[in-house]
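To start, the structure under review is shown below, and the notes come after it.
The values are calculated or read from the model by the stated rules, or taken from the named source; none is laboratory data. Note that the structure is predicted; figures quoted are calculated from it, not measured. Cβ placement follows ideal geometry from the backbone for every residue including glycine, while neighbour counts extend to all protein chains displayed. Just so you know, the surface numbers come from the protein's heavy atoms only, side chains and all, with ligands and any DNA or RNA stripped out. Shrake-Rupley method; radii C 1.70, N 1.55, O 1.52, S 1.80 Å.
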Amino acid sequence: MPIKLKKIVPHIALMTYVVIILFPFVFVVFSSLKENNVEIAQSPFSFPKELYFKNYSTAWVQAKIDTYFFNSAYLATSSAVVGVLLAAATAFALTRMKFRVASKIIYQVVLIGMLIPGNVLFIAQYLLMKDLHILNKHWSLFLPYTAGALPFSVLLITAFMKAIPNELEEAAIIDGLKAHGLFFKIVLPLTVPALVTVFIINFLGNWNEYLLANFFINKDSLRTLPTGMVGFRDSYQMNYALICTGIVFSVAPVLLLYTILQRQIIEGLTAGSLKG
């Protein structure tokens, strides 16, 4: 097989895969911009004759997508940010502080935490939230979201911090920096790719989480987007254009974040694979 053909075939295969993956999303976007079910049925895969943006305003206000969207956005963001900071501080202590035995024990406990499926802890989490009297409050989602993301976050950030040369910290110590100064001024800026990756992964998990949000929150004004979309689907199940609009609202923030931060995500996922 010619060398040029060998290079072209993988690209063709990848492009075919991308088209297959994007095709359903393109259909959803086109359908959300069509006026009614008749237009969708007549030309399901064609570009809309006229862009009908009223579906977005209707879904945003009348279907309470704005409330669900805001609840999901601030819960997913705040818990992901706090989780990243806690994981970064833990990883710094494990990799840079001189507690060899304690660090190994804590690291092993973190690894064991990754082996426990989240759903196994559901009943225990529910009873804990009930005892804390925070059911039907966003705290009942914030705390499990933050804690549940720590094992993987610590593992990934630890791998990245191990690859940071010790000479940088030694020079900073000579200049008079203390432990907190090393963490915030030296280590944390160098760990940004891993932090961004962990943030995106945690954000995605929190944004799409349904089980806890469905059982811990009953008030409609506090519902997140995944649980709110269930009621939205039941209310507008015969209006496919509005349903597609709701799907676009659910997917758009994730696509936007990944588009902006894709380089940092790739760098973070390869954290610790190379040293020196």
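Would you please classify the overall shape of segment 77-191 from the alpha carbon gyration tensor, given that a ≥ b ≥ c denote the square roots of the eigenvalues, rounded means a/c under 1.5, and beyond that prolate means a/b larger than b/c while oblate covers the rest?
The shape class here is prolate.
P(r) for segment 116-267, please, calculated from all Cα pair distances in 10 Å bins and given in %.
9, 27, 28, 22, 10, 3, 1
Anything over 18 Å Cα to Cα? Flag those among LYS54/LYS219; LYS64/LYS219; LYS104/LYS162; LYS104/LYS178; LYS34/LYS64; LYS104/LYS185, in the order listed.
Over 18 Å Cα-Cα: LYS54/LYS219; LYS104/LYS178; LYS34/LYS64; LYS104/LYS185.
I'd like the projected area of segment 77-143, averaged over all directions, using the convex hull of its alpha carbons. Report it in nm² with one decimal.
So the Cα hull casts an average projection of 5.6 nm².
Cα axis of helix 192-208 to longest principal axis of the chain: angle in degrees, 0 to 90, nearest 10?
Here the helix axis deviates by roughly 40 degrees.
In the chain, if the dipole is taken from +1 on Lys/Arg beta carbons and -1 on Asp/Glu beta carbons about the Cα centre, which of TYR56, ILE116, SER140 is farthest to the positive end?
ILE116
Using a basic spin-label model with each label point 7 Å from the Cα along Cα→Cβ, how many nm lie between ASP66 and MET238?
Roughly 2.7 nm, to one decimal.
Say the dipole of the chain comes from +1 at the beta carbon of Lys and Arg and -1 at that of Asp and Glu; which of PHE199, VAL26, ALA252 then lies farthest toward its positive end?
Farthest towards the positive pole: PHE199.
How much FRET efficiency would the formula 1/(1 + (r/R0)^6) give for ASP220 and VAL19, where r is the Cβ-Cβ distance and R0 is 51 Å, rounded to 0.05?
0.85
How far apart, in nanometres, would the label points at GLU167 and LYS137 be if each is projected 7 angstrom from Cα along the Cα-to-Cβ direction?
Result: 5.2 nm between the two label points.
Of the listed peptides 51-58, 28-35, 228-235, what is their order by residue-averaged count of other C-beta atoms within 10 Å, with the highest listed first?
The peptides rank, most packed first, as 28-35, 228-235, 51-58.
How tilted is helix 150-162 with respect to the longest principal axis of the chain? Cα atoms for both, answer in degrees (0 to 90, nearest 10).
The answer is roughly 50 degrees.
Please give the contour-minus-distance gain from LEU256 to LEU115: 0.36 nm per residue of separation, less the Cα-Cα distance, rounded to one decimal in nm.
Gain in length upon complete extension: 47.7 nm.
Relative contact order of the chain: what whole-number percent is it, with Cα pairs under 8 angstrom and at least 6 residues apart?
That works out to 32 percent.
Of the labelled options (i) 5, 20, 21, 17, 13, 10, 7, 4, 2, 0; (ii) 6, 21, 25, 23, 16, 7, 1, 0; (iii) 7, 32, 39, 20, 2, which one gives P(r) over Cα pairs in 10 Å bins from 0, in percent as computed for this structure?
(ii)
Per residue, what accessible area does segment 130-276 have, given a 1.4 Å probe and all protein chains present, in Å²?
Result: 53 Å² per residue.
Projected onto the charge dipole of segment 63-207 (+1 at Lys/Arg Cβ, -1 at Asp/Glu Cβ, origin at the Cα centre), which of PHE184, VAL101, THR77 gives the Cα projection farthest towards the positive end?
The listed residue farthest towards the positive side: VAL101.
Report, to the nearest whole %, how much of the accessible area of the chain belongs to carbon and sulfur atoms, 1.4 Å probe, protein only.
Using a 1.4 Å probe with all protein chains present, the chain comes out at 70 percent carbon and sulfur.
With everything on Cα atoms, drop me the angle between helix 3-32 and the longest principal axis of the chain, reported from 0 to 90° to the nearest 10.
60
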